[in-house]
Amino acid sequence: MRTRPLAHKQPVLALLFAVPMALAPFAPSPALANWANASQMKYSNVGTYSVTFTMAFKRNGTKCVVVPQKNTVVGVGGSVSLDLTIGSWRMREGEKEDCLVDGKHIEEGTEVWGRIDISAGPYKSCRKDKAIIYRKSGGTVKYVSGGTTHHNNRCKIASWP
């Protein structure tokens, strides 16, 4: 019985190795990761309404909404920045459970997201498919919203860290 040499299989093997290499440019880049580290949040209001910018997260399965000690009411054309590392957060009025570590800190490694409470309108979560993880060494996530009180006022990501 005569056997065929392996030489006839080399083009097939070469193709098997070439296809993944050809697809390499289509692999997801680090910028398309499903999370980003942040230590700052910035919100800009280009809508025709005022908002209160707050931050939300979950701790032990409880959804928490916190505000910094400073005023975060943002008028038309205004903006506000939140430093997540400050350690002087307080629970939003009406919240029942204290979600803060030592009553004023957010735990590092927690998924966080911005939230806008529109004056005379609904609140809008700024949470997106890509998670924002609080890290002291993280960058700045920038949010923006526009439109009117009840139309086209969705909170959007302007830029990722």
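You will find that of R154, R115, R135, R127, the residue that is surrounded by fewer than 18 Cβ atoms within 10 Å (Cβ to Cβ), closer than 12 Å to M55 by Cα and of a type in the set (D, E, K, R) is R127 and no other. Quick check on T148: is it exposed (fewer than 15 other Cβ atoms within 10 Å of the Cβ), of a type in the set (V, I, T) and more than 16 Å from V65 (Cβ to Cβ)? Answer is yes for this residue. Given the criteria under 16 Å from the mean Cα position of the chain (by Cα) and either in a loop (DSSP other than H, G, I, E, B) or without any contact (Cβ under 8 Å) to a residue 24 or more places away in the chain (or both), does R115 qualify? Against the criterion (under 16 Å from the mean Cα position of the chain (by Cα) and either in a loop (DSSP other than H, G, I, E, B) or without any contact (Cβ under 8 Å) to a residue 24 or more places away in the chain (or both)), R115 does not qualify.
In the set (1) farther than 16 Å from K156 by Cα; (2) polar (S, T, N, Q); (3) in contact with a Phe, Trp or Tyr (Cβ under 8 Å, 6 or more places away or on another chain); (4) modelled with pLDDT of 85 or more, the condition left unmet by T85 is number (3).
In region 141-160, the residue that is farthest from D129 (Cα to Cα) out of those that are within 10 Å of the chain's Cα centre (by Cα) and β-branched (V, I, T) is V141.
Whether any residue in region 18-33 is in contact with a Phe, Trp or Tyr (Cβ under 9 Å, 6 or more places away or on another chain), modelled with pLDDT under 70 and surrounded by fewer than 18 Cβ atoms within 10 Å (Cβ to Cβ) is what I want to check. Checking region 18-33: at least one residue is in contact with a Phe, Trp or Tyr (Cβ under 9 Å, 6 or more places away or on another chain), modelled with pLDDT under 70 and surrounded by fewer than 18 Cβ atoms within 10 Å (Cβ to Cβ).
Being among the β-branched types (V, I, T) and within 10 Å of the chain's Cα centre (by Cα) is the filter here, so list the residues in region 118-139 that pass it.
Here is the first cut: in region 118-139, the residues among the β-branched types (V, I, T) are 118, 132-133.
Across region 118-139, the qualifying residues are I132, I133.
For region 39-82, which residues satisfy the criterion of being touching a residue at least 60 places away in the same chain (Cβ under 8 Å), among the β-branched types (V, I, T) and assigned to a strand (DSSP E or B)? Give the derivation first.
Start the filter on region 39-82 by keeping residues that are touching a residue at least 60 places away in the same chain (Cβ under 8 Å), which leaves 39-57.
Then keep just the ones that are among the β-branched types (V, I, T); that gives 46, 48, 51-52, 54.
Hits for region 39-82 are V51, T52, T54.
Scanning region 118-161 for residues that are charged (D, E, K, R) and in a loop (DSSP other than H, G, I, E, B) yields R127, K128, D129, K130, R135, K136, R154.
The values are calculated or read from the model by the stated rules, or taken from the named source; none is laboratory data. All of these numbers come straight from a predicted model, not from anything done at the bench. Cβ: placed from backbone, ideal geometry, glycine included. Neighbour counts: every protein chain shown.
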